[in-house]
Amino acid sequence: MRVIHDPHANGLHGRAGVIISLCGEEFVDYVYVRFDPTGSQRGEQIRMISLECLDPYK
């Protein structure tokens, strides 16, 4: 999947990642996404993101 909208300006717009799990009953429209490191980042990032901000791609 790819981030098409980053409402919090976390620098995730346009980045590709993998959905690793749902967030639970309280946040039914959110998933946890794993992003590979870019630039000076040392490890992968895992972020909670709304489904409306994501777009699947091949």
statement: Turns out the strands (runs of 3 or more DSSP E) fully within the stretch 14-55 with at least 2 residues that are within 13 Å of Arg2 (Cβ to Cβ) are 18-22, 30-35
message: Looking at Ile20, Ile49, can you tell me which residue is surrounded by fewer than 12 Cβ atoms within 10 Å (Cβ to Cβ) and in contact with a strand residue (DSSP E or B) (Cβ under 6 Å, 6 or more places away or on another chain)?
response: Ile20
- prompt: Could we say that Val33 is in contact (Cβ under 8 Å) with a residue 12 or more places away in the chain and either open to solvent by 90 Å² or more (accessible area, probe 1.4 Å) or hydrophobic (A, V, I, L, M, F, W, C) (or both) here?
  reply: yes
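Determine whether the stretch 2-11 contains at least one residue that is part of a loop (DSSP other than H, G, I, E, B), acidic (Asp, Glu) and open to solvent by less than 90 Å² (accessible area, probe 1.4 Å). I'd like the intermediate steps shown before the answer.
Let us first name the residues in the stretch 2-11 that are part of a loop (DSSP other than H, G, I, E, B), namely 4-11.
Going one step further and asking which of them are acidic (Asp, Glu), we end up with 6.
Applying the additional criterion that residues be open to solvent by less than 90 Å² (accessible area, probe 1.4 Å) yields 6.
Yes, the stretch 2-11 has at least one match.
The values are calculated or read from the model by the stated rules, or taken from the named source; none is laboratory data. Keep in mind it's a predicted model, so treat the numbers as computed, not measured. Backbone-built Cβ (ideal geometry, glycine too); neighbour counts: all protein chains shown. These accessible areas exclude ligands, DNA and RNA; they are computed on the full protein's heavy atoms, side chains included. Shrake-Rupley method; radii C 1.70, N 1.55, O 1.52, S 1.80 Å.
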